[in-house]
Amino acid sequence: MAEETGGMNVGISTPVIQGGKSGVAQYAFGLVRALLPFAGQHQFTLFVLEADLPLFSFVELKMKIVRVPEAFRAPVKSIRWHQTTLPRLARTHRLDVLHVPSYRRMLWPKPCALVATIHDLAPFHVVGKYDHLRMFYGRVVARRLAWRQDHIIAVSRNTAQDITRFFQIPEDRLSVIYNGVNHARFFPGSREEARARMAKRHDLRQPFFLYVARLEHPGKNHVRLIEAFNRFKAETHSDWNLVLGGSDWHGAGVIHTAVQKSPFAREIHRLGFVPEADLPMWYRAADVFVYPSLFEGFGLPPVEAMACGCPVISSTRGALGEVVGDAAATVDPEQVNSLQKQMARLAADVSLREHLSATGLARASSFDWSSTAAATLEVYARLAMAADKASTDHQGALQIA
């Protein structure tokens, strides 16, 4: 245990956050923020890439930060750093537990108790999710690394079932701990103010569907959504628009081409990466949030939209059905007609949108980062206690010998 505080010394590796533009980033930010109240009892050491340091300014000296040189940002170099340098740093800083919040950087060496968060096993579900090398890493290498971890956190029951199925990890080495929502940021607020800001900033005065996800093809399913929007517009002659928020990712060119070829291209708005501070405003301004992803291990955006009072249309693939429950209008994401019909249904029915807004608020209230942090801290404590016991038993055996 950490000598300075009498509590644990926990390390968290953050080079996996991809500059703050990913779901893993939101998980890391949410967890670290929620762990701040425990910083007086335990010591937390964050390993942060140099250019990402401003993203963790909210830590405010309550946690120790170890700078990671920018030279290790690239995936291959990051993997090498995690397997060689990080274990050495873990020993230097006398960590009791090291948490890597993504399967992509799990450690093989065991300098201390190891815990990893697995958000999804999408490479087993979505063909062409990544290039061949990344698919091999996700399917083969990650499985072997997972067995080296002392404990794995799954962000949903669906993900836990996949870990058991594909990685054959025993259930007693798994914990299901749901992601949270920052309810101090994501709440209904003023819809009128949000719409006024949209009109001023983006000249967006018509009702609109919003989709916030990185522009990744085929995984995030933008192309089918655009086709559904085209059919919706052609059949209803509605003035509704489609707004896509997210940075370019694998296959983004296919999505841009689909927008350009749309007969309603002028009514499809591409925002690029949406800063975290702007997300609540977009959710409040949107008339409907649509999330047709082909697979998610959790799916934070639809829950954040619900927390802001925005009615949601969602796929049920992966853990999405588990997460949104009956608080969203659901679709088969591979059926364009299914998407089109739900878009037309919600666009035409104000009372249905109001109903989904109310049920969504209730659903979102069950997800909170403070609960996530408390459950995660329990995992750390169990691992630290087990490590202490093993060390004590080993010393006792040596003395007897």
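Coordinate-derived values only; no laboratory data. This one's a predicted model, so the numbers in the text were calculated from it and none came from an experiment. Because the Cβ atoms are built from the backbone with ideal geometry, glycine has one as well, and the counts that use them run over all protein chains shown.
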Cβ-derived FRET efficiency at R0 30 Å, residue 192 paired with residue 349, nearest 0.05 = 0.90
Per-peptide average of other Cβ atoms within 10 Å, ordering 52-62, 215-225 highest first | 215-225, 52-62
Using the alpha-carbon centroid of each, what span in Å lies between the stretch 347-391 and the stretch 266-312?
-> 19
Determine the relative contact order of the stretch 191-364: mean sequence separation of Cα pairs under 8 Å and six or more apart, normalised by residue count, in whole percent.
-> 23
Tally Lys and Arg at +1 and Asp and Glu at -1 over the other residues with C-beta under 13 Å from the C-beta of residue 54: what net charge comes out?
-> -3
Which of 257, 45 comes first, and how do the rest follow, when ranked by fewest Cβ neighbours within 10 Å?
-> 257, 45
Going by alpha carbons, how many degrees (0 to 90, nearest 10) lie between the helix axis of 252-261 and the longest principal axis of the chain?
-> 0
Residues 383, 279, 133, 95 in order from fewest to most other beta-carbon atoms within 10 Å are 133, 279, 383, 95
Mind ranking 318-328, 290-300 by how tightly packed they are, going by the mean number of other C-beta atoms within 10 angstrom, highest first?
-> 290-300, 318-328
Unit-weight point scatterers at every alpha-carbon of the stretch 191-364, Debye formula, q = 0.08, 0.10 1/Å: log10 I(q)/I(0) is -0.20, -0.32
Taking N as the number of residues in the chain, what is its Cα Rg relative to 2.2 N^0.38 Å?
-> 1.04
For the chain, how many pairs of lysine residues have a Cα-Cα distance under 16 Å, where the two are 8 or more positions apart or belong to different chains?
-> 4
Semi-axes in Å, largest first, for the stretch 40-149 (Cα gyration tensor, √(5λ)) are 26, 16, 13
Expressed as a whole-number percentage, the relative contact order of the chain with C-alpha contacts under 8 angstrom and at least six residues apart is 16
